[in-house]
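Read the structure below first, then the notes.
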Amino acid sequence: MTERRQGRTAGFTLAESLLAAVLLLAAISAITLPFAAGARAEQADARMCLAVNLAQGMMEEILAKPFDDPQGASAPGPETGETRRSRFDNMDDYHGYAESAGQIADANGVVIRTAVSGDLSRWVSAQYVYVSGQDTGQPATFIRVMVTVAYKGALLVELTRLVYKMP
């Protein structure tokens, strides 16, 4: 009778399997990291592009309004009855106008909902300005309009325009 020896079967030990798993995990992480960073950069670029468009759109809306108030008011901010943006009838009515995060609306009042608009906020300042040598007893002939867009409270875009009242 011949004796048969049982030898080890070919395969991986537990230690070899764990080492292979760790190496595979490291390789996967190294491969996916640039893609994740690229996706974050793309989202930040899209957010910045939207912020610029929102600021420019608001500035254009304001500049399309007359310098003087049709009712003769000259204090920055909306007058009585101008409770919505659609009722603003001159540039200074926008002073103090603000839209909180996730509530930015287009000129028709429709809230903008995109993947990158949720944490954006926008506000406007419109103040009369007197230049050096100008009689401050007379009505101002300049108004400085500032439109600001922020992401989670951090400034992204700020547009400023000095508007001259044509005689």
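We did not get these values from a lab; they are worked out from the coordinates using the rules stated. Not measured: the values here are computed from a predicted model. We place every Cβ from the backbone using ideal geometry, glycine too, and count neighbours over all the protein chains shown.
The figures follow:
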| read-out | value |
| --- | --- |
| Cβ-defined net charge surrounding VAL131, 13 Å radius [Lys, Arg +1; Asp, Glu -1] | +1 |
| Theoretical FRET efficiency, 1/(1+(r/R0)^6), r = Cβ-Cβ of ALA75 and ALA44, R0 30 Å, to 0.05 | 0.15 |
| Order of SER86, SER121, SER132 under a 10 Å beta carbon neighbour criterion, fewest first | SER132, SER86, SER121 |
| Option label - Kirkwood radius over Cα pairs in Å computed here, alternatives (i) 20.4; (ii) 17.1; (iii) 16.3 | (i) |
| Whole-number percent relative contact order across the chain, with pairs defined as alpha carbons under 8 Å at least 6 apart | 18 percent |
| Exposure proxy order (Cβ contacts within 10 Å, fewest to most) of PHE67, PHE35 | PHE35, PHE67 |
| Segment ILE31-VAL131, extension gain: residue separation times 0.36 nm, minus the distance between their alpha carbons | 30.1 nm |
| Helix axis angle, 14-63 relative to the chain longest principal axis, alpha carbon, degrees | 10 degrees |
